[in-house]
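Below: one structure, written as structure tokens.
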Amino acid sequence: MTASIIDGKVIAERVREQVRQAVARMQEDYGYTPGLATVLVGENPASTTYVRSKRKTCEELGIRSVGSELPADATQQQVEHLVAALNADPAVNGILVQLPLPKHLDEEAVLNSISLEKDVDGFHPVNIGRLAMKGRDPLFIPCTPYGCIVLLEESGIPIRGAEAVIVGRSNIVGLPVAMLLQKRDATVTICHSRTRDLAEHVRRADIVIAAIGQTEMITGDMIKPGAAVIDVGINQKPDPTAKRGYRLVGDVDFESVKEVAGAITPVPGGVGPMTIAMLMKNTLRAAEIALAKRDR
Ligand code: GUN
């Protein structure tokens with residue numbers, strides 16, 4: 001059996017098109033334009049690329065993009081001052097502080113300082129707390145985990161009652177995606193670098209979410225036939241035939257896993273395009289919340 005390929009580019013474009021239309025309607029009906037502020041501290045090359053893509057996508061969808069850059073040696077006070085100014089700016093509906101921050105900064109305090117109604121990343125402790133609790137819903141769902149869920153849903157993969165195994169326990173992906181799957185009634189196992197027999201856990205899974213940042217670590221022999229495999233990893237693999245000397249691969253060994261799985265996301269072109277699409281959706285939601293408050 002060869003797995004069906006879950007095309008993140010197509011599904012992300014569908015999400016972006018919905019946002020584009022809703023933004024145009026909001027502009028027409030209320031003369032209101034959603035705005036997203038992106039904050040980049042320092043010059044981490046991956047972060048710089050991600051932030052540039054986020055700003056470009058805003059423009060494509062009619063969302064106002066407000067970009068701020070601070071130097072790598074910015075103080076905690078400078079970052080928190082900037083966030084406070086963006087919290088107070090009525091033209092800004094969403095605030096995204098790109099992570100990771102330089103080591104000397106207190107990430108938790110920065111995320112805490114973002115106004116809850118503008119937390120389009122869903123990383124505010126109150127949002128994460130609501131995500132963790134039964135019967136409560138966060139105002140915003142973190143973008144990459146949200147993208148994983150939409151990929152599963154749009155591909156018709158049942159979540160209720162499924163065995164879901166998450167490989168990785170990061171704050172940005174592993175933990176929130178586990179909580180989202182649990183909210184949707186999956187039975188969830190979180191594996192990590194200290195898990196004793198990773199293969200044994202993964203072999204039981206109907207849904208595998210690989211988010212551990214290890215090149216092609218999940219192999220075909222670890223996969224239950226027919227399982228859905230979502231690969232969140234983006235790793236550089238040396239490849240002398242590639243122009244840059246490397247190519248991008250996931251945490252999943254695509255070639256061996258696609259022979260066993262029922263459905264699989266490629267890298268690139270799987271989860272990657274979904275993250276920004278879901279950020280745009282969250283920004284639209286933030287604008288809807290602000291507009292409802294304005295017109296109250
Ligand atoms: N760094 C890696 N992923 C993300 C994300 O989704 N949001 C932010 N702010 N930083 C990130």
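A short reminder: the numbers here are calculations on the coordinates, not readings from a lab. Note that the structure is a prediction, hence the values are computed from the model and not measured. All Cβ positions, glycine included, derive from the backbone under ideal geometry; neighbour counts span all protein chains shown.
Couple of notes before you dig in:
- Looking across segment 83-111, the residues that are away from the ligand (no atom under 14 Å from the Cβ) and not in a loop (DSSP other than H, G, I, E, B) come down to ALA84, ALA85, ASN87, ALA88, ALA109.
- Residue among LYS224, LYS293, LYS281, LYS243 that is on the phi < 0 side of the Ramachandran plot, within 16 Å of the ligand (Cβ to nearest atom) and either not hydrophobic (A, V, I, L, M, F, W, C) or not in a loop (DSSP other than H, G, I, E, B) (or both): LYS281
- Cross-chain or 6+ apart pairs with Cβ under 8 Å, segment 93-117 first and acidic (Asp, Glu), then within 10 Å of the ligand (Cβ to nearest atom): GLU107/LEU99; GLU107/PRO100; GLU107/LEU101
- Once segment 140-165 is narrowed to residues that are within 16 Å of the ligand (Cβ to nearest atom) and of a type in the set (A, V, I, L, M), the residue that is nearest to ARG196 (Cα to Cα) is ILE149.
- Residue in segment 269-290 that is free of Cβ contacts under 8 Å to residues at least 40 places away in the same chain and out of contact with any helix residue (DSSP H, G or I) (no Cβ under 7 Å at 6 or more places or on another chain) present: no
- Residues that are surrounded by fewer than 19 Cβ atoms within 10 Å (Cβ to Cβ) and either within 16 Å of the ligand (Cβ to nearest atom) or assigned to a loop (DSSP other than H, G, I, E, B) (or both) within segment 6-48 comprise ASP7, GLY31, TYR32, THR33, GLY42, GLU43, ASN44, PRO45, ALA46, SER47, THR48, listed in sequence order.
- Residue count for segment 157-174, restricted to those that are without any contact (Cβ under 8 Å) to a residue 40 or more places away in the chain and buried (at least 16 other Cβ atoms within 10 Å of the Cβ): 2
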